[in-house]
Amino acid sequence: MAHEDFIKGLEGVLAAQSSICFIDGAAGRLTYRGIDIQDLAENSTFEETAYFLLFGQLPKQDELDAFTRQLQAEREVPPEIYTLLRTLPPTATPMEVLRTATSALSAYDPDGHDHSDAANVRKSVRLIAQMTTLTTAYDRIRRGLEPVKPDPSLSMAESFLYGLTGEKPHPSSARVFDVCLILHADHELNASTFAARVIASTLSDVHSAVTGAIGALAGSLHGGANQRVLEMLLEIGELDKVEAYVDNLFANKKKIMGFGHRVYRTMDPRATVLRKFARQLGEDVGNTKWYEMAERIEQLAFARKKLYPNVDFFSAPVFYTLNIPVDLFTPIFACSRISGWVAHILEQLRDNRLIRPLALYTGAEKAEYIPMSDR
Ligand SMILES: CC(C)(COP(=O)(O)OP(=O)(O)OC[C@H]1O[C@@H](n2cnc3c(N)ncnc32)[C@H](O)[C@@H]1OP(=O)(O)O)[C@@H](O)C(=O)NCCC(=O)NCCS
């Protein structure tokens, strides 16, 4: 193939057919199966959105009730997984732990090596339910606390916050968190979803595809950015230090975490909702400092380089104000995006063809093998 066919980073390349998610990067519009993200954020719940992504239609009340009960029933993980969480060194990051434990879960899954569509759906629902348990249980274990037993009466959002503290969250915090889960649930062919589809396309298993996706999400150019955003805000410390900090980043050609996007050329619609939450939560707790700093960074990034914030920018002060540990920000992303990953994995498997592109070879045209003694 010709040199000019190569597109670094696959920018603008159509690499899958999908009916799950659509992004209009120029208009700043995001839809899940045609429904605008703002509409879902206002009216839906994470459970309903996950059902919609997975099964392709908004559930009727009885379908939603059954799905919610199924998620609640599947929340617990086997005792061996708790043992694994206790065995990992305290230096392990929550994303490493999530990746490792998700991989281990495949060995204990009741559907085992059954790779039928029905088994894959059951595994998918189970993984959506279990991701929150893994994340919150590990956080408690590393703090020397016992994991709390998942409470089957709670929603996914409540369950996450309850899993950290052992206390039922205030309804308004739970609702903000629920909307955050909706906003992170899918995003077309982002890097982790693409990784999941590539793995699924080899006819490997659902757990392998999700494990690979978690690895891809962890990187700072993808889901790892939300943690970096908060670390940046903490490092800056005060509103009056923002400008010098941002200018220094630009002068050194460094990136500001939580800004820029491969697809959006305008405001990320998820950031619009999250910005509102960041301000509202700051006002609720009487500390708008993080929001004000974030807003100032937003103004400077636009003024200096026409950069817009992405989903990871305002989610960081939101999660921080909800008292969530900073290194759990990216695992939260995974607890939500798991619904999109499995929807894409199932879609890939139902109309599969091995994903296997080409590389533009840049190595030597012809080289001789040199015996070890002559090197
Ligand atoms: C998301 C991201 C990886 C997209 O990357 P991409 O499509 O490959 O775009 P590029 O990295 O090539 O950036 C294009 C230009 O915008 C600039 N840019 C993009 N994001 C930037 C950022 N966050 N801070 C400063 N400059 C940025 C680049 O420096 C580059 O400028 P140049 O053309 O003058 O060299 C990139 O915007 C980024 O690294 N953002 C920070 C990490 C982040 O928030 N990730 C979460 C994504 S949801």
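Read-outs: derived from the displayed coordinates by stated rules, not from any lab. As the structure is a computational prediction, the values presented were derived from the model and not from experiment. Positions of Cβ are generated from backbone atoms using ideal geometry, with glycine treated the same way; all protein chains shown enter the neighbour counts.
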In whole Hz, with x marking every Gly and Pro, tabulate ³J(HN,Hα) for the stretch 250-255 from phi via Karplus 6.51 cos²θ - 1.76 cosθ + 1.60, θ = phi - 60°. 5, 4, 9, 6, 9, 8
Using the count of nearby Cβ atoms within 10 Å as a rough guide to exposure, how do LYS255, LYS8 rank from fewest to most? LYS8, LYS255
Calculate the FRET efficiency for LYS276 and ALA66 from the Cβ-Cβ distance with a Förster distance of 35 Å, rounded to the nearest 0.05. 0.60
How would you rank VAL179, VAL318, VAL13, going from fewest to most other Cβ atoms within 10 Å of each one's own Cβ? VAL13, VAL179, VAL318
Between LYS254 and MET372, 0.36 nm times their residue separation minus their Cα-Cα distance comes to what? 38.2 nm
Per q in 0.10, 0.14 Å⁻¹, report the Debye log10 I(q)/I(0) for the chain, using one uniform scatterer on each alpha carbon and no solvent. -0.65, -1.22
Using the Cα atoms of the stretch 198-246, I'd like the radius of gyration and the largest Cα-Cα distance, Dmax, both in angstrom. 17.4, 54
Estimated inter-spin distance, ARG262 and ASP240, nm [label 7 Å along Cα→Cβ]: 4.2
Protection proxy ranking of 211-221, 364-374, 186-196, 55-65 - average other beta-carbon atoms within 10 Å, highest first: 186-196, 211-221, 55-65, 364-374
Distance between modelled label sites at GLU146 and SER220, nm, 7 Å Cα→Cβ extension: 4.0
Given axes a ≥ b ≥ c from the Cα gyration tensor, I'd like to know whether the stretch 225-321 is rounded (a/c under 1.5), prolate (a/b larger than b/c) or oblate. oblate
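Calculate the translational D of the stretch 94-139 in whole µm² s⁻¹ from Stokes-Einstein, where the hydrodynamic radius comes from the Kirkwood formula applied to all Cα pairs, the temperature is 10 °C and the viscosity 1.306 mPa s.
Numbers: Rh = 11.1 Å.
Reported coefficient: 144 µm²/s.
Would you compute, from DSSP H runs of 4+ residues alone, the mean residue ellipticity of the chain at 222 nm, taking -39500 (n - 2.57) per run and dividing by the full residue count, rounded to the nearest 500?
-18500 deg cm²/dmol
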Any lysines whose Cα falls less than 26 Å from that of LYS276, other than same-chain ones fewer than 8 residues away, would be LYS168, LYS241, LYS255, LYS289, LYS305, LYS306
In the stretch 221-324, which GluC sites (Glu not before Pro) are in a loop and have at most 15 other Cβ atoms within 10 Å, using DSSP for the loop call? GLU238
Extension gain from HIS170 to THR91, taking 0.36 nm per residue of separation minus the Cα-Cα distance: 25.3 nm
Give me the one-decimal nm value for the distance between modelled label points at GLU365 and LEU14, 7 Å along each residue's Cα-to-Cβ direction. 3.6
Note down the magnitude of the dipole of the chain about its Cα centre, charges +1 on Lys and Arg C-beta and -1 on Asp and Glu C-beta and zero elsewhere, to the nearest 20 debye. 660
By a straight-distance test (C-alpha under 27 Å), which lysines pair with LYS366 as possible cross-link partners, with residues fewer than eight away in the same chain excluded? LYS8
